[in-house]
1. Determine whether residue 29 is modelled with pLDDT of 65 or more and within 10 Å of the ligand (Cβ to nearest atom).
2. Any residue at all in segment 41-61 that's assigned to a loop (DSSP other than H, G, I, E, B), at pLDDT 90 or above and away from the ligand (no atom under 12 Å from the Cβ)?
3. So if I check each of 67, 35, which one is modelled with pLDDT of 85 or more, within 16 Å of the ligand (Cβ to nearest atom) and touching a helix residue (DSSP H, G or I) at 6+ places or on another chain (Cβ under 8 Å)?
4. Exactly one of (1) modelled with pLDDT of 85 or more; (2) over 21 Å from residue 11 (Cα atoms) is unmet by residue 80. Its number?
Ligand SMILES: [Zn+2]
């Protein structure tokens, strides 16, 4: 019953995040500065996003990730959904 699995999103991911924090504080989505001291789950919180979603299952690397505001990060997801909707409607010709 000793399930002490770290999982894929354990240490390496935290390491990448810490590395990004030390390297860059510019959001790659909106190009604005990401403030250092915001409370957790704040819209401007520092998050690290996967650039290529296909690599989500693989180990996180600096090449496939970039810093972004929490707000921008989730907005990107919304945009992707909107594009899917567009594809659906344009099929109706
Ligand atoms: Zn941003």
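The values are calculated or read from the model by the stated rules, or taken from the named source; none is laboratory data. Source: prediction; values computed, not measured. Every residue, glycine as well, gets a Cβ built from its backbone with ideal geometry; the counts of neighbours run over all protein chains shown.
1. Numbers: modelled with pLDDT of 65 or more: yes; within 10 Å of the ligand (Cβ to nearest atom): yes.
It is true that residue 29 is modelled with pLDDT of 65 or more and within 10 Å of the ligand (Cβ to nearest atom).
2. Yes, segment 41-61 has at least one match.
3. None of the others qualify; the one that does is 67.
4. It fails just one condition, (1).
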